[in-house]
Structures are given as C-alpha cells and as structure tokens.
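K.L.:
Below you will find the structure I want to go over with you.
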Amino acid sequence: MLAKVGEAELQKGAKKRKLMAEDGERGEQKKRHYEEKKRPKARGDGGRNRLDALSVGYFRRVGERLSEGFEDDEEREMFVKNVLTEVKGKASLVATDQTGSITLERLLQLSSPEQVGEVLAELGGESGSGFKEVSCDRCGGHVVESALRQMSRWEEFSQKDPSKSSEDADDDDEEEESSGVLETQVLLLSQAVRENSAEFIRHIHGTHVVRTLLHVLGGCVGPPRTETHPGGKEQRAAPQLTDFEIPTSFWYELKSLTETLMENINLSVTDAISSTVFQTMLTVCHRKRPKLCKQLLKRTMEYLTSRSSAPGVSPLLVFLKDQASSRLIETIIQLAHLSLLRDLYKNHLKGSLVDLALHPIANFPIQRLTAASAKYKLFLKLFNEMIQGMEAVLAAGHMGVIVQLAESCAESGERQDEMMRCLLNAFHCAEPGSRHVCCLPLFMSLLTYEVYYQSDTTEGSTQKEVPLTSICYHGSRLVQALAKFKERSHLLSSLRTLSPSDLLTMACNPFGSHVLQALITTSSDKGRGKILKRLEGQYLQMACSKVGSRMLEAVWNCASLSQRQSIAQELVSSESKLRSDQFARHIWAKFALSHFAHRRAHWQEIQTGESKKRKLFCDFLE
C-alpha cells in the first residue's frame, strides 16, 4: 500500500515538474521570440530563414577543425569534400549565416576551382539571378568575394603538364572542365552585376563584390578584405596587388562590365559608396588595360566638366569640394597622363589652387595634383601659383599641401631655394640672419619663432634656450623632404646648435628619429662624423629605447669603420645593461659587440667585409 502511494506521489511529482518545465520552456520561447523581434535585422536579410542551432554548431566545429590543420593533402581534400556535401542544398543559408559564412570562406580557400564553382552555381542559380541577394548580404558578400578570389588559382589547374603521357589526356580534359566551371560562374556573376548595376554599386555590401569582381576580371587581386572596427584607423595606403593569368573570356567581359558601369557614371559623383567602384575600375584598368583606362579617364572627365554650374565657373570646382566626387578626382589625377593634367590645370583649376588648398576637402586632390605634376614642367606653374598662399595654407592647418609641395620640389629638383626661403619667412626665422639656425626645431614643431621661443621681440639677436619637446608628424615629413634638397646648409647648421639632450630627444622620438636619420644618412662622411661626435655619450640610452635602437641601427649601417669603432667602444663598456634590455640586446648581437670586446681583429674583418658589400651594392643600384 505504501509502495503504491509512493509511486503515485512520484508520478504526481513528475507530472508537476513536467508541467513546470513546459511552462518554463514556453516562457523561454516567448522571451526568445520577443528578443528576436527587438533585434534589428541586418541590411539585406529580407527576413529569410537562417541556419538552425544544430547546423550552426556543426559549422563552428568545422571551423575549429580547420584551425588545427591537416597532416597531408589527402586528409584535407577528404575533409573539404565531406563538409561541402553537407553544404550542398543549403549553400545560401550557410553563406548568409554569420558562423556558417566564416567557415565557408575558409573552406573555399582549400577547395578546388570545380568545388568553388559548384558552390557559386548553387548560390546564383541556373541563370545567376540569386547572386544579387547573396552578394548584398552582410555575410554572403564575404563568401562570394572569397569564391571570386580563388580564380587566382585558375592557371594551376588549367595548365597541362607536357611530360604526361597520352593516357592522362582524359584527366587533363577533366581538369580543364573543372576549372571552366568556376570561369562560367564568374561570368554569370558579372552578367548579374551588369543587369542590376545600379543596385549593386549603391549597396554597402554589394559594392565590395563588384570591386573584387573587377580585380578578378582584370587579373589582379589584393589582400582579403577585413572588417573595420570602431575607433580603428583607416589605412589609406593602396593595397599591394598580385597579378595572375586569366581566361580570354575575362578580357572581353571586363570591357562589357566597364561599359555598363559608365552608364551609371552619375552615381560616382553623388554616392560615396558607388564612387569606390569607379575608383577600383580605373585603378584595375590602369594596371592591366592602359588603353581602356585612358578612354575611361577621358569619358569620366568629360562627364564631370559637362555638368551645369555658375557662368564662368568650372563644375569641377564644385566636385572637388564634395566628399564623394573628390575621392574619384583624386584617383583620376593619380592615373592621368600629361595631356589630361595639363587640360585639368589650364581649363579648370588655374587661379583657384590656393582657394582649393584652403578647403577642408579639396586640398587633398590638390596634393595629388602636386605629386602627379612633379615629373613634368607643369609643376613650375603650380608652384608659382601655390607659393603665394603658403602662409594662409599653414594658418589653415593643411600641412599635407606644404609637405607635398616640398616633396615635389625634391623630386623635380626645381624651385628648392625659393621653397626654403618661403618656409623661413612663414616661420618668421628669415630675418635677421641669426635666426636661420633656429629653423630645424621650428619646422619640426610647426611653430613660428615667436610662439616657440615665447618672444615678442623683433630683434632676434638673442633667444632663450628652449628644450626640444614638440615634434609633430607633418613637421617630421616636411624636414625629411627638405633633407633631400641639394642645399641643406640651413638644416645642418641648425642641427649643430642643438644640445646633446635635444639630439637624444630626436633620436628616441617616433617622428624626430626619422628626421635625424635622414640628415645623418644623407650627409657626407665628414658631416656625419660631426653629428655623431655630438651624440657621443647618448648611445647607451638610444640602444635601450624602442625607437632609439632602430635609429642607432640605421646610423650604424651607413657609418664608416672608424665611426663604428667609436660607437662600439662606448657601448661595450655597458655589456650587462645591453644584454638585459629588451631592445639593446638586439643591438649587442647585430653590432657583434662580443667580437669587438674579445676578438677585435676578427670584428674589423667582418665590418670591413660588410662595408665593401654595401658599397658594391650601392654602386650597382646607381
């Protein structure tokens, strides 16, 4: 009886717990449903289905397995084949899922062109109509880009091995056919872009796919795109491109795609996202199809200059001040030939360079124009006009314009004396002549004489000692450009007036070290010896500094044998300090200071041999 009662209680308790669990599960489902409704959908999601939790976990484990690596190619190929079998039939779901897309991207890098082509075929469908939806998805766009980039391996699979026998002919045909699958899908994607070009190039994710497609059709790829993080600095340096062989069909398809994009040239000046596509198009064509690039540049400039504007005012002056179109014009200037640059200045920019240099946006295209014209006589006209507004440009804080003007003077070898005189006047150290020796700290800090020395006197015969503390990026760039001038007496005279502590400050400063290195390495042996004489007693502190050690190594590479002996003699007495410091220990090894301390003759033989090799190499480069 008790057993029956106990069993009934257990059943009753289990039923109660089951009901409570079901209630809790329903509560959790309601909570998840409410959170899903609150969660903003990513652009391009369209409310479509996503991978279930089981599949997400599977692809997460696949990603972990990929990170572990494989023992041999056979194991890797088998693994890739098995995972792609799981992807088949739901490629769109995997590509548009955050976890699935990351894993699929990595998987495509290990797949054969045929396998990549099959994935693209499923994403795009029979006619390629599905490419638009996937490419404009925040996750799917990365997968399509990764698949496109695998075209750079096309040549590996399309080339036949001449040593193969006739029995292997069928295998060769299969390899050509397999690589042709990917080629066909790339062409289908390009067709989809041509049919929906406006939607693609205006979409924040689709535009990246179009830019990668342009690179692939042209036969060059850059490093993979990475996500930008909040607060991270945008790298404006041009990515390094790698060339590869392309099928003949891509040659014609690139021409067709550029023609279609040019029909939407109006978007390049109104939409910042679309503008990046046209910049990529011009850059790729300039690298791989110069004649086509020349035509595109001409047509783009004709469009920009044909827009209506105020009477007597070039429409280009308006576009230069716009954020989207100014970037496009920068690219045009960088890629332009002489006749286009000459027309640009003569018919549109002449007389307006200073005003544009003072504008917060337009000053960047002016910097590009100054750099592009350095190789031609056109630079003289630009210089004569811009030099009139140097102080105004300095007051506006657009130091990039001044730095580029100095760099172009150094490159062209023209107007260097005039540039130096204008800088001395702008920083108020031209008159009286005794102020000339103060120019270096003024240039590096971008401060006028009165501000730097906190002086209101106009006599300038005496000034109080001010330690070197403020060295800025653009100031460093300016002095590095001036160090390439033929006449550098003002800079070197100013450098010799600096105290040893100021020289140490320069050597250990991220910006100042480049200035000191430029002045030392470009000096004669006699001039270099004078500078190094003033640095004696500071070498240990330089060696123990992150920046200073790099600077000391650069000095060592250009120093003579006697100068190296002086540096080594000072350092070798602090062996324990050098060996224990995280930066100085590398100096100890690279300078072979153990040999210097215990095997002096051997050390001299090593240094003499290195000097001869360096001299021979420099003669070869010249």
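K.L.:
For the list (1) open to solvent by 10 Å² or more (accessible area, probe 1.4 Å); (2) over 34 Å from the mean Cα position of the chain (by Cα); (3) in contact (Cβ under 8 Å) with a residue 12 or more places away in the chain, I need the number of the one condition that residue 414 fails.
P.N.:
Of everything listed in (1) open to solvent by 10 Å² or more (accessible area, probe 1.4 Å); (2) over 34 Å from the mean Cα position of the chain (by Cα); (3) in contact (Cβ under 8 Å) with a residue 12 or more places away in the chain, residue 414 misses just condition (2).
K.L.:
Considering only the stretch 561-590, state which residues are small (Gly, Ala, Ser) and either surrounded by 15 or more Cβ atoms within 10 Å (Cβ to Cβ) or over 19 Å from residue 533 (Cα atoms) (or both). Talk me through it step by step, then tell me what you get.
P.N.:
Of the stretch 561-590, the ones small (Gly, Ala, Ser) are 562, 566, 568, 573-574, 576, 580, 584, 589.
Answer for the stretch 561-590, where residues must be small (Gly, Ala, Ser) and either surrounded by 15 or more Cβ atoms within 10 Å (Cβ to Cβ) or over 19 Å from residue 533 (Cα atoms) (or both): 566, 568, 574, 576, 580, 584, 589.
K.L.:
On the basis of being within 26 Å of residue 346 (Cα to Cα) and part of a loop (DSSP other than H, G, I, E, B), does residue 414 make the cut?
P.N.:
Values: within 26 Å of residue 346 (Cα to Cα): yes; part of a loop (DSSP other than H, G, I, E, B): yes.
Against the criterion (within 26 Å of residue 346 (Cα to Cα) and part of a loop (DSSP other than H, G, I, E, B)), residue 414 qualifies.
K.L.:
On to the next question. Considering only residues that are in a loop (DSSP other than H, G, I, E, B) and modelled with pLDDT of 90 or more, look in the stretch 311-321 and name the one that is most open to solvent (accessible area, probe 1.4 Å).
P.N.:
To start, the set of residues in the stretch 311-321 that are in a loop (DSSP other than H, G, I, E, B) comprises 311-314, 320-321.
After this cut, where a residue has to be modelled with pLDDT of 90 or more as well, the list is 320-321.
Numbers: 320: 4, 321: 95 Å².
Residue satisfying both the conditions and the ranking: 321.
K.L.:
Go through the stretch 433-447 and count every residue that is at pLDDT below 90 and among the hydroxyl-bearing types (Ser, Thr, Tyr).
P.N.:
1
K.L.:
I need a count of the residues in the stretch 45-60 that are free of Cβ contacts under 8 Å to residues at least 24 places away in the same chain and more than 19 Å from residue 138 (Cα to Cα).
P.N.:
The first filter runs over the stretch 45-60 and keeps only residues free of Cβ contacts under 8 Å to residues at least 24 places away in the same chain, leaving 47, 52-54, 57.
Among the residues that remain, those that are also more than 19 Å from residue 138 (Cα to Cα) are: 53-54, 57.
Qualifying residue count for the region: 3.
K.L.:
Check the stretch 272-279 and report whether any residue there is touching a helix residue (DSSP H, G or I) at 6+ places or on another chain (Cβ under 6 Å) and over 17 Å from residue 208 (Cα atoms).
P.N.:
Within the stretch 272-279 (the criterion being touching a helix residue (DSSP H, G or I) at 6+ places or on another chain (Cβ under 6 Å) and over 17 Å from residue 208 (Cα atoms)), the answer is no, since none of the residues qualifies.
K.L.:
Helices (runs of 4 or more DSSP H) wholly in the stretch 560-600 with at least 2 residues that are under 30 Å from residue 522 (Cβ atoms) and of a type in the set (Gly, Ala, Ser) - which ones? Walk me through it before giving the result.
P.N.:
Details: elements: 561-572, 575-580, 584-590, 593-598.
In the stretch 560-600, the matching helices (runs of 4 or more DSSP H) lie at 561-572, 584-590.
K.L.:
Being surrounded by fewer than 22 Cβ atoms within 10 Å (Cβ to Cβ), farther than 15 Å from residue 153 by Cα, touching a Ser or Thr at 6+ places or on another chain (Cβ under 7 Å) and at pLDDT below 95: is that true of residue 197 here?
P.N.:
Working: surrounded by fewer than 22 Cβ atoms within 10 Å (Cβ to Cβ): yes; farther than 15 Å from residue 153 by Cα: yes; touching a Ser or Thr at 6+ places or on another chain (Cβ under 7 Å): yes; at pLDDT below 95: yes.
Yes: the conditions hold for residue 197.
Listed here are the residues, each with its yes/no results for (1) modelled with pLDDT of 95 or more; (2) closer than 19 Å to residue 214 by Cα; (3) not polar (S, T, N, Q).
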{"position": "88", "(1), (2), (3)": "no, no, yes"}
{"position": "101", "(1), (2), (3)": "no, no, no"}
{"position": "150", "(1), (2), (3)": "no, yes, no"}
{"position": "153", "(1), (2), (3)": "no, yes, yes"}
{"position": "161", "(1), (2), (3)": "no, no, yes"}
{"position": "168", "(1), (2), (3)": "no, no, yes"}
{"position": "172", "(1), (2), (3)": "no, no, yes"}
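Each row is one residue, and each column tells you yes or no for (1) modelled with pLDDT of 90 or more; (2) touching a Phe, Trp or Tyr at 6+ places or on another chain (Cβ under 6 Å); (3) among the hydrophobic types (A, V, I, L, M, F, W, C).
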position: 491; (1), (2), (3): yes, no, yes
position: 504; (1), (2), (3): yes, no, yes
position: 523; (1), (2), (3): no, no, no
position: 540; (1), (2), (3): yes, no, yes
position: 547; (1), (2), (3): yes, no, yes
position: 553; (1), (2), (3): yes, no, no
position: 561; (1), (2), (3): no, no, yes
position: 569; (1), (2), (3): yes, no, no
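K.L.:
Looking for something surrounded by fewer than 21 Cβ atoms within 10 Å (Cβ to Cβ), under 22 Å from the mean Cα position of the chain (by Cα) and not in a helix (DSSP H, G or I) - is there at least one such residue anywhere in the stretch 244-267?
P.N.:
For the stretch 244-267, residues surrounded by fewer than 21 Cβ atoms within 10 Å (Cβ to Cβ), under 22 Å from the mean Cα position of the chain (by Cα) and not in a helix (DSSP H, G or I): present.
Conditions (1) among the polar types (S, T, N, Q); (2) under 29 Å from residue 217 (Cβ atoms), marked per residue:
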{"residue": "294", "(1), (2)": "no, yes"}
{"residue": "314", "(1), (2)": "yes, no"}
{"residue": "318", "(1), (2)": "no, no"}
{"residue": "335", "(1), (2)": "no, yes"}
{"residue": "341", "(1), (2)": "no, yes"}
{"residue": "347", "(1), (2)": "yes, no"}
{"residue": "352", "(1), (2)": "yes, no"}
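K.L.:
When both residues are 6+ apart or on different chains and their Cβ atoms are under 6 Å apart, which pairs have a first residue that lies in the stretch 343-355 and is without any contact (Cβ under 8 Å) to a residue 12 or more places away in the chain and among the aliphatic types (A, V, I, L, M), and a second that is assigned to a helix (DSSP H, G or I) and open to solvent by 60 Å² or more (accessible area, probe 1.4 Å)?
P.N.:
none
K.L.:
Any idea which of (1) crowded, with 17+ Cβ neighbours inside 10 Å; (2) of a type in the set (D, E, K, R); (3) under 26 Å from residue 341 (Cα atoms) is the one residue 435 doesn't satisfy?
P.N.:
Residue 435 satisfies all of (1) crowded, with 17+ Cβ neighbours inside 10 Å; (2) of a type in the set (D, E, K, R); (3) under 26 Å from residue 341 (Cα atoms) except (3).
K.L.:
Going by what's in this entry, would residue 109 be described as within 31 Å of the chain's Cα centre (by Cα), within 25 Å of residue 244 (Cα to Cα) and open to solvent by 70 Å² or more (accessible area, probe 1.4 Å)? Spell out the reasoning first.
P.N.:
On the way: within 31 Å of the chain's Cα centre (by Cα): yes; within 25 Å of residue 244 (Cα to Cα): yes; open to solvent by 70 Å² or more (accessible area, probe 1.4 Å): yes.
In short, yes.
K.L.:
Any idea which of (1) closer than 23 Å to residue 268 by Cβ; (2) at pLDDT below 95; (3) buried (at least 21 other Cβ atoms within 10 Å of the Cβ) is the one residue 209 doesn't satisfy?
P.N.:
Unmet for residue 209, out of (1) closer than 23 Å to residue 268 by Cβ; (2) at pLDDT below 95; (3) buried (at least 21 other Cβ atoms within 10 Å of the Cβ): (2).
K.L.:
Which residues, counting only those in the stretch 336-393, are part of a helix (DSSP H, G or I), open to solvent by 60 Å² or more (accessible area, probe 1.4 Å) and hydroxyl-bearing (Ser, Thr, Tyr)?
P.N.:
Within the stretch 336-393, 339 is the sole residue that qualifies.
K.L.:
Mind listing whichever residues of the stretch 362-402 are closer than 14 Å to residue 345 by Cβ, of a type in the set (S, T, N, Q) and within 29 Å of the chain's Cα centre (by Cα)?
P.N.:
370, 373
K.L.:
A further question follows. If only one of 304, 296 is open to solvent by less than 10 Å² (accessible area, probe 1.4 Å), under 22 Å from residue 208 (Cα atoms) and either aliphatic (A, V, I, L, M) or in a helix (DSSP H, G or I) (or both), which one is it? Even if it seems obvious, please write down each step before you answer.
P.N.:
Details: 304 fails: under 22 Å from residue 208 (Cα atoms).
Of 304, 296, the one residue that is open to solvent by less than 10 Å² (accessible area, probe 1.4 Å), under 22 Å from residue 208 (Cα atoms) and either aliphatic (A, V, I, L, M) or in a helix (DSSP H, G or I) (or both) is 296.
K.L.:
Here are 69, 63, 89: which of them is surrounded by fewer than 16 Cβ atoms within 10 Å (Cβ to Cβ) and farther than 23 Å from residue 136 by Cα?
P.N.:
Working: 63 fails: surrounded by fewer than 16 Cβ atoms within 10 Å (Cβ to Cβ); 89 fails: farther than 23 Å from residue 136 by Cα.
Unique residue meeting the criteria: 69.
K.L.:
Name the residues in the stretch 538-553 that are part of a helix (DSSP H, G or I) and either open to solvent by 20 Å² or more (accessible area, probe 1.4 Å) or within 18 Å of residue 499 (Cβ to Cβ) (or both), would you? It would help to see each step written out before you state the result.
P.N.:
Initial filter on the stretch 538-553 (part of a helix (DSSP H, G or I)): 539-543, 546-553.
If the condition is that a residue be part of a helix (DSSP H, G or I) and either open to solvent by 20 Å² or more (accessible area, probe 1.4 Å) or within 18 Å of residue 499 (Cβ to Cβ) (or both), then 539, 540, 541, 542, 546, 547, 548, 550, 551, 553 are the ones that fit.
The values are calculated or read from the model by the stated rules, or taken from the named source; none is laboratory data. In this text the structure is predicted, and so the values were computed from the model without any measurement. Positions of Cβ are backbone-derived with ideal geometry, glycine not excepted, and every protein chain shown enters the neighbour counts. Note: areas computed on protein heavy atoms with side chains; ligands, DNA, RNA excluded. Shrake-Rupley method; radii C 1.70, N 1.55, O 1.52, S 1.80 Å.
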